[in-house]
Amino acid sequence: MSRREALRPRLLAITGFAMLLLAGCNDAQLSPTAYRIAPSQQGEADSHQRRNVANPNAPFTMPASAPKLVARQPLLDVDDVPPCAATQLNLFETRAEANGSRHRLQLTLQNAGDACRLRGFPAIALLAADSSVLGSIEIRRVSEGVLAASLSTAPQGAATSASLVSGEVEAAPSPYVLLVPNGAASFQLGWTSGPSCTMASRIAISAPGIPSSPVIIPRPLTVCEHQVLITEVAADRD
């Protein structure tokens, strides 16, 4: 037997194996999950396919349904808006606290109109049942810190009154509070209650700088020490 005849079976076996391998490759398919364009890139791929562009970095047009950038509204400057008008402000009671006979009430002014500004102390008056002003009650302007301290301190007669007087705020201009549409600013009232003290049936409240348009709220309270503390308006933090 010649050498060529001896190698013929081996060559036939190799050739047959190669043909089977090629046939298997032609029938094989990638798994549907083996390669998939990410949803965020689907539009890019479609655009490139429609344009028949081979360069993956070529310009393309995003689908019309894709999110679009929205121009950011310019920031408002408090000096560029007018003072708030009474007709655009709503008044709400937003918090009430008590520590024994000491009370604190938070009220909020919400802007129902265009952007405006406020600053300073609201004007308030306590009214009797017949709507007369209770002139025996003094309204004292204090900081939030002084009012908070008064809430945490038990009443001690004349000594307490003296400490509250020492914390009264000087009549210095305060920074404006910017009220954007639906924005809010709050202030607080503080008082001491007890038996045999002055009884008020309602409170008349005017926003800072708008004394001619008071809002009357039905808020009965008994006031001792002949005084009610009030803070200036501040940007609402709630």
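The values are calculated or read from the model by the stated rules, or taken from the named source; none is laboratory data. Just so we're clear, the structure is a prediction, and the values are computed from it rather than from any experiment. Quick reminder, even Gly has a Cβ in these numbers, built from the backbone with ideal geometry, and neighbours come from all protein chains shown. Side chains are part of the model used for accessible areas, which takes the heavy atoms of the whole protein and leaves out ligands, DNA and RNA. Shrake-Rupley method; radii C 1.70, N 1.55, O 1.52, S 1.80 Å.
Any idea which of P208, P155, P195 is surrounded by 16 or more Cβ atoms within 10 Å (Cβ to Cβ), modelled with pLDDT under 95 and more than 20 Å from E93 (Cα to Cα)?
Within the list P208, P155, P195, the selection yields P155.
Which members of the range 109-132 meet the condition of being in contact with an Asp or Glu (Cβ under 6 Å, 6 or more places away or on another chain) and farther than 18 Å from W191 by Cβ?
G120
Find all pairs meeting these conditions: Cβ atoms under 6 angstrom apart; at least six residues apart or on different chains; first residue within the range 89-112 and in a strand (DSSP E or B); second residue basic (K, R).
E97/R104; Q106/R95
Out of all the residues in the range 98-122, which are among the hydrophobic types (A, V, I, L, M, F, W, C) and either farther than 29 Å from L178 by Cα or open to solvent by 50 Å² or more (accessible area, probe 1.4 Å) (or both)?
A98, A112
Among S150, S136, which is the only one that is assigned to a loop (DSSP other than H, G, I, E, B) and either open to solvent by less than 60 Å² (accessible area, probe 1.4 Å) or farther than 28 Å from A184 by Cα (or both)?
Answer to the selection: S136.
Take the residues of the range 215-233 that are over 28 Å from the mean Cα position of the chain (by Cα) and among the polar types (S, T, N, Q): which is least open to solvent (accessible area, probe 1.4 Å)?
Among those that are over 28 Å from the mean Cα position of the chain (by Cα) and among the polar types (S, T, N, Q), it is Q227.
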